[in-house]
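Written below as structure tokens is the structure these notes are about.
The values are calculated or read from the model by the stated rules, or taken from the named source; none is laboratory data. No experiment lies behind these values; they were computed from the predicted model shown. Cβ atoms come from the backbone with ideal geometry, glycine included; neighbour counts cover every protein chain shown. Only protein heavy atoms, including side chains, enter the accessible area calculation; ligands, DNA and RNA are left aside. Shrake-Rupley method; radii C 1.70, N 1.55, O 1.52, S 1.80 Å.
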Amino acid sequence: YAQNTWFKLSNGWQAQGCFIHRDTIYAICAGTLRGRNTVHLTRHNYISGNLFDTDTLDYFNISRDSLINNQLNSSSVFLYDSVANNLQIGFSYGDTSGSGYKWRAGLFNVNPFYKTGHQLSVDTFDTHFKRLYNINGIKYAITTWLVRYAPQQGTNSWNLVRLMGNGQVKLVKQQVNDKVGASSHKPTFEKLHADNQNPGNLFLQMYDLWDYAGGPQSWQADVVKIDTSGKTIWTCRPNNRDSINPTLFQMVQKPDGNIICCWIDLYHPPHKHPKKDNPYIDNNDSSTIWFAEIDYQTGKVLWRKNIRQYLEWKMSRSDIMNDRNINDLSFYDAQLVDNGIVWAGHRSRTYNYMQSWKRLPVILKTDLLGNPVWYREFDLYPTDDGDKGMQVYSFTQTPDKGFILSGEYENRYGPITGGEYWQKAALLKLDSFGCLVPGCHATDGIATLTKITELCRVFPNPSTGQMTIELPQNLSGPWDFTVTDGHGRIVSSHRLEKPENFINLQNLANGIYLIQLHNMHSNQYETHKIIIQH
């Protein structure tokens, strides 16, 4: 396919998402109006990306309360019915009509603009509208409400509700979170997905957050299969390392029903960093993107892998040589497309320990097993030292099989803004190969992946259980040594400090084992298969 491509700024400061109707792109943007936060609906020409006009959807137009703010909380807050040409948007608004200032959750019809009768706010608590879905003709909404137990402290609880045609709201699933504490868990509802195998089931993405020293600094991502009444069928936690917080977890269901999920291992929980002991979260110095497949019937993880080597091959050599966070990818959206899955977000490029940084919009296509097909990133203003790049929140596939990435663009006093600071809603149109410059796919080729060099020696093999491990002297720092059996269970672990180490595993039964070695400073990983035979 050879399609038009472009990059455009829009009204507002954040484009959460967009959809296409005929020759027009409709973008849902957060913006401001006379000092208040509000919601903008912008219309763009599909071919050129040029802005037609902007509608401002302000609850003030209904309530006449001049102090009201409006807030978009995610990219999944609108539904468009192309047959009826009807658009609905869910957003939060600050209601001052009663005593005090409260956030309320509302579902709004756009044309004509009015608030529907669905009661989504929870009592007198601050309530926010998070996500809106139409699954098999049924509308669902995710809302959250804040229970305060001190003036500046509170805990969010969650509702998954069904929106009935008569304006009624039916509770499907609820998560009430108690007051925070050092080990208290605070699960959150992140996204809802249809089940392409059974219309009576749904998939709920959740984060299990728990506190250390009063802040949600440890978390794991879960996929929960439920029926439409909210009953849990199974729960799966794809990440199997308690030393890692899976960040910006995304999932897509394949045509055969199995789930492909993706996350970045960007953070270590408190006291879990391999090089230092810190009571707060720490960056993972070797973070990268991970993929896993979940069995549809059982909820079991079939495999896990990362694509670090491919990403290093695709990214610029200057980034690799200067260690500019070459693998810090963050995917905010994922969708099933022809012959694969597309993941969209941004990469964080940092220089000089965060003194200078930029977000590069990113789009990746994989096959249905998480293997990379192509990868694109875009440095739109490489010579502008004020350019902070584009943060991508969502994308939509276009009728010509291209992609429109929605997000925000930030520049801090650079040449393209005339020395001013601005943050603007942004749309990036790519062709079906993910190219901004058509034809970029001609240089994709096939990556020549370098074979991992084994620096350590493990002998003898086979062994009766007494063996020697020689470590390279040119790599400083300790090595983690772990032995797993054929079921993946850890049966022995040590920390190795000397160049030559004598290990006794005579207590292990005959069989095949894996020895995993990890240098704590260089992040060199090695796996050696050994046979123990007494």
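Among 22-30, 52-60, how do they line up from the highest to the lowest mean number of other beta-carbon atoms within 10 Å?
22-30, 52-60
Give me log10 I(q)/I(0) at q = 0.09, 0.17, 0.19 Å⁻¹ for region 185-301, Debye formula, one equal scatterer per alpha-carbon, no solvent. The Cα Debye sum returns log10 ratios of -0.26, -0.82, -0.97.
In this label model, Asp338 and Glu500 are separated by 6.3 nm, measuring between points 7 Å along each Cα→Cβ vector.
Between the beta carbons of Leu33 and Tyr525, assuming R0 = 41 Å, the FRET efficiency works out to 0.20 to the nearest 0.05.
Considering the convex hull of the alpha carbon atoms of region 26-74, report its projected area averaged over all viewing directions, in nm², one decimal. Display every interim value, and only then the final one.
Details: hull surface 15.5 nm².
The orientation-averaged projected area of the Cα hull of region 26-74 comes to 3.9 nm².
By the beta carbon rule, with partners counted only under 4.7 Å, the chain holds these lone Cys residues: Cys18, Cys29, Cys236, Cys261, Cys262, Cys456. Taking max minus min of the alpha-carbon positions on each principal axis, region 23-181 gives extents of 53, 40, 30 Å, largest first.
When all alpha-carbon pairs of region 1-106 are counted, what percent fall beyond 20 Å?
Details: 2423 of 5565 pairs.
I get 44 percent for the Cα pairs in region 1-106 exceeding 20 Å.
The mean of 1/r over all pairs of different alpha-carbon atoms in region 346-437, once inverted, gives a Kirkwood hydrodynamic radius of 14.2 Å. Using the alpha-carbon positions of region 391-534, Rg (one decimal) and Dmax (whole number) come out as 25.8, 76 Å. Computed packing ranks the peptides 243-251, 463-471 as 243-251, 463-471, most packed first, by mean other Cβ atoms within 10 Å. Note on region 376-424: percent of Cα-Cα distances in each 5 Å bin, starting at 0 and stopping at the bin with the largest distance, equals 5, 20, 23, 19, 14, 10, 7, 2.
What does the convex hull of the Cα atoms of region 99-179 come to per residue, in Å³, rounded to a whole number? Could the numbers behind the result be given before it?
Numbers: hull volume 8.8 nm³, N = 81.
Looking at region 99-179, the number lands at 109 Å³ per residue.
Taking every protein chain into account, the accessible area of region 1-84 amounts to 46 square angstrom per residue (probe 1.4 Å).
At 1.4 Å probe size, with the rest of the protein present, what percent of the exposed accessible area of the chain is carbon and sulfur atoms? Present the calculation step by step, with values, prior to reporting the outcome.
Working: 11940 of 24670 Å².
After summing per-atom areas, the C and S share lands at 48 percent.
Hey, which of these cross-link pairs are over 21 Å Cα-Cα: Lys314/Lys365; Lys130/Lys365; Lys139/Lys186; Lys314/Lys401? Correct reply: Lys130/Lys365; Lys139/Lys186; Lys314/Lys401. All C-alpha pair distances within the chain, sorted into 10 Å bins from zero, spread as 3, 15, 25, 27, 17, 8, 4, 1, 0 percent across the bins. Considering the dipole of region 359-411 built from charges on the beta carbon (Lys and Arg +1, Asp and Glu -1) around the Cα centre, which of Asn371, Asn411, Phe395 is farthest to its positive end? Result: Asn371.
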